[in-house]
Structures are given as structure tokens and as C-alpha cells.
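Visitor: My questions all concern the structure below.
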Amino acid sequence: MRMKTSKYLVPDDYMADPAVHVFNGKLYIYPSHDRESGIPENDNGDHFDMKDYHVFSTDDIENGEITDHGVVLDTKDIPWAGHQLWDCDVACKNGKYYMYFPLKDKTDIFRIGVAIADKPEGPFIPLPDPIRGSYSIDPAILEENGEYYMYFGGLWGGQLQRYRDNKALESAVFPADNEPAIPSRVVKLSPDMLQFAEEPRPVIILGKDGKPLTTGDNRKRFFEASWIHKYNGKYYFSYSTGDTHLLCYATGDNPYGPFTYQGVILTPVVGWTTHHAIVEFKGKWYLFHHDCVPSGDITWLRSLKVIELEYAGDGKIKTIEGTEK
Ligand code: FUB
């Protein structure tokens, strides 16, 4: 039976930005933990002022209980913390679990930190410093043949427009509408999982004409919320278009890309942000995401959802409606 309508996973709290993985046969969900901070809404996302993470797990996403493992990392325990604990992801290597999280440091610059656990449900112990050379937000990890790759970056409040060639600019630069759009980044992690093994590279998304998407392609180009999964030997790089509120995807033949734009996964939801994870569990594919229906469209109080995701015979993802009738 197909789960045709989406369902809310944590009805009694606000959770967003799901990263989802199967570890030891169970599904683990790593969301951001939204809260009311009283900070007014602005284009910089200051109203997203989260302080901690919970982990959730289940054996049966369609009918089973969702276990809340409680607070597994708190900014008060992160030595370099400023504020704003945004979207994280978790990877497993040699029985250890590594959480990658974006957080503003004490000078209001987003960096990506690492915290380590012995179990997928944590608790996660943070390292004293962020990853050297890290910047911006929204890390997502791909494991491929024993190598681990991090995709990251986000515009506006995510600060990606302040960097070019991995160097900080004097001030933010947004390319003109006819210039290549600002890309997400991808970088291989060091064997100990704690640092970048190389300089981050741009994730190039090509249009059907074989040319990189431009800033003006704002219903297709990357904005934030990178995710990566494999299906039938292809790499599916998916992301939010931010100010046009779509989840889109592009496919490629290797983790570094280039990727070719394919289409829309999810049309706009209630709320400004849209963010997701795609994962296979017990033979079915699922889209995890969030919306602001339960909070009455308070854009910084988001609720976790899941719905089954389907591929057409040609490997295309069937578009899902963000607002169900
Ligand atoms: O949760 C804060 C930010 O909102 C995330 O980092 C973005 O992807 C967007 O969902």
C-alpha cells in the first residue's frame, strides 16, 4: 500500500530540516529543533534561532512508534558557539557516528562543526573547534566506497554569497541574472572524518542546453538545503530554490558532478523554507520534509512530515504537491 498523503511525525513539537539515514536496520531522523525566540523575521533568517538537536528513530515509518531520544547536542556544550544551530547531518564510519552541524561562531560567521557519538541516537560530543576552512550552512553527507563527501552551502542568511573560491569576500556578491548561479559546494572528508581532505569544489548544475544554470533561472538554481542520494547507479543532487520555494533535483555520474537539472520534487509548502531528505527504507523511497501548517504559517515554527516518493520508469522523480487538497 502506498503512503499517498503525507503525515506529521512529531505533532507535539516543532522540528524541521530533516536529515534521515538507515543505521543498523532502523531509520534515524536528525532535524533542526525550531523554537519561538521572539527575534523578528528578516531576510537574514535571524528568527531561526535554534539551540539544540533531538534524534528520532523508528522501525516502521508508516505505522510504527517514533522514539524521541531527547536532546543529543546543545549549543551550551559547544565551546566555539555563538548562536543559530541550523540543519545537521550524520554519517557512520567504523562504528562511530559523526554529526556535522552549522552554527554561527562568536563573530556571527557560520562554520561547520563535528560532534561524535558511539550510537546513532547520540549523545554527540562536540569537538572544541569547527572544521578548518568551513563556512556557510546545511551539510549533507554521502558515503561512497568508503569515502565521505560533504555537500554544503546556503544563500542569504546562510552566507554563501560572502565566499568565492573558498575565500571570504570583502562583501557579499550576487552574480547578475545572466551569470552562473552561486553553486552549492562538495568536499571529500579526511579519513578521520574531522576535517576537509581537499578544497571544496562547486557543484555545477547544467540546464538541458549543457550550460550552467544562471542566477536568473531562479526556479531551478540552487539556494540551500543540499541532499544527495543514489538511485539505479546515478547520483541525485537535490536542493531548495529558496525564494521560489521549490525542491528540485539534478542527476550526475559521480559525486562531484556536474549534475543536469531534471525537475521539481516538491511544489511550495506552507511556510517560507522548504527542506528535505530522500531515503530508501524497507524497499520503499520516502521524502522527509517540513511545513508550517500546524503552527498556522509561522514560518520559523516548522513541522516534520514524510510521504512516499515515486520514480517513473525513466528514473524521473514524480512531482509531489506541497499543499495537499
Ligand atoms: O533551519 C534554518 C534554515 O532554514 C536551514 O538551514 C535552511 O535549509 C532552511 O530550511
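Visitor: For region 53-84, which residues satisfy the criterion of being touching a His at 6+ places or on another chain (Cβ under 8 Å) and within 16 Å of the ligand (Cβ to nearest atom)?
Guide: Let us first name the residues in region 53-84 that are touching a His at 6+ places or on another chain (Cβ under 8 Å), namely 53-57, 68-72, 75.
Listed by number, the residues that qualify are 53, 54, 75.
Visitor: Report yes if some residue within region 207-217 is more than 16 Å from the ligand (Cβ to nearest atom), among the aliphatic types (A, V, I, L, M), assigned to a loop (DSSP other than H, G, I, E, B) and open to solvent by 50 Å² or more (accessible area, probe 1.4 Å); otherwise report no.
Guide: Applying the first criterion (more than 16 Å from the ligand (Cβ to nearest atom)) to region 207-217 yields 207-217.
With among the aliphatic types (A, V, I, L, M) added as a condition, the list becomes 213.
Applying the additional criterion that residues be assigned to a loop (DSSP other than H, G, I, E, B) yields 213.
Remaining after also requiring open to solvent by 50 Å² or more (accessible area, probe 1.4 Å): none.
Among the residues of region 207-217, not one is more than 16 Å from the ligand (Cβ to nearest atom), among the aliphatic types (A, V, I, L, M), assigned to a loop (DSSP other than H, G, I, E, B) and open to solvent by 50 Å² or more (accessible area, probe 1.4 Å), which makes the answer no.
Visitor: Return the only residue of 30, 8 being crowded, with 23+ Cβ neighbours inside 10 Å and among the aromatic types (Phe, Trp, Tyr). Please lay out each step first, then the result.
Guide: On the way: 8 fails: crowded, with 23+ Cβ neighbours inside 10 Å.
Of the residues listed, the single one that is crowded, with 23+ Cβ neighbours inside 10 Å and among the aromatic types (Phe, Trp, Tyr) is 30.
Visitor: Let me ask something else. Within region 20-44, which residues are of a type in the set (Gly, Ala, Ser) and not in a strand (DSSP E or B)?
Guide: Once the filter is applied, which keeps residues that are of a type in the set (Gly, Ala, Ser) and not in a strand (DSSP E or B), region 20-44 yields 25, 37, 38.
Visitor: Further question on the same structure: For residue 230, state whether it is within 22 Å of residue 103 (Cα to Cα), part of a strand (DSSP E or B) and away from the ligand (no atom under 16 Å from the Cβ).
Guide: Details: within 22 Å of residue 103 (Cα to Cα): no; part of a strand (DSSP E or B): yes; away from the ligand (no atom under 16 Å from the Cβ): yes.
Here the answer is no, as residue 230 does not meet what is asked.
Visitor: Take region 116-173 and flag every residue that is under 25 Å from residue 257 (Cβ atoms), more than 15 Å from the ligand (Cβ to nearest atom) and among the small types (Gly, Ala, Ser).
Guide: Passing the criteria: 133, 146, 168, 172.
Visitor: Among 257, 263, 296, which is the only one that is in contact with a Lys or Arg (Cβ under 7 Å, 6 or more places away or on another chain), among the small types (Gly, Ala, Ser) and either crowded, with 22+ Cβ neighbours inside 10 Å or modelled with pLDDT of 95 or more (or both)? Outline the logic, then answer.
Guide: Working: 257 fails: in contact with a Lys or Arg (Cβ under 7 Å, 6 or more places away or on another chain); 296 fails: in contact with a Lys or Arg (Cβ under 7 Å, 6 or more places away or on another chain).
Every option except 263 fails the conditions.
Visitor: Residue 240 is checked against (1) polar (S, T, N, Q); (2) more than 16 Å from the ligand (Cβ to nearest atom); (3) under 14 Å from the mean Cα position of the chain (by Cα) and fails just one. What number does that condition carry?
Guide: Result: residue 240 passes all but (2).
Visitor: Do we find that residue 271 is over 17 Å from the mean Cα position of the chain (by Cα) and free of Cβ contacts under 8 Å to residues at least 40 places away in the same chain in this structure? Please lay out each step first, then the result.
Guide: Working: over 17 Å from the mean Cα position of the chain (by Cα): no; free of Cβ contacts under 8 Å to residues at least 40 places away in the same chain: yes.
No: the conditions fail for residue 271.
Visitor: When you go through 105, 118 one by one, which is the residue that is in contact (Cβ under 8 Å) with a residue 24 or more places away in the chain, surrounded by fewer than 24 Cβ atoms within 10 Å (Cβ to Cβ) and over 18 Å from residue 199 (Cα atoms)? Write out each step before concluding.
Guide: Details: 118 fails: in contact (Cβ under 8 Å) with a residue 24 or more places away in the chain.
None of the other options fit; the residue is 105.
Visitor: Could you please find all residues in region 78-96 being open to solvent by 10 Å² or more (accessible area, probe 1.4 Å) and assigned to a strand (DSSP E or B)?
Guide: 81, 82, 83, 92, 93, 96
Visitor: Pick from 251, 214: which is of a type outside the set (Gly, Ala, Ser) and either under 18 Å from the mean Cα position of the chain (by Cα) or within 25 Å of residue 97 (Cα to Cα) (or both)? Step through it out loud before you land on a result.
Guide: Working: 214 fails: either under 18 Å from the mean Cα position of the chain (by Cα) or within 25 Å of residue 97 (Cα to Cα) (or both).
On inspection, the qualifying residue turns out to be 251.
Visitor: Which of the residues spanning region 45-69 are over 15 Å from residue 86 (Cβ atoms) and either in a loop (DSSP other than H, G, I, E, B) or open to solvent by 20 Å² or more (accessible area, probe 1.4 Å) (or both)?
Guide: 59, 60, 61, 62, 63, 64, 65, 66, 67, 68, 69
The values are calculated or read from the model by the stated rules, or taken from the named source; none is laboratory data. Since this is a predicted model, take the numbers as computed values, not measurements. Glycine gets a Cβ as well: all are built from the backbone with ideal geometry, and neighbour counts include every protein chain shown. Please note that ligands, DNA and RNA were not included when accessible areas were found on the heavy atoms of the full protein model with its side chains. Shrake-Rupley method; radii C 1.70, N 1.55, O 1.52, S 1.80 Å.
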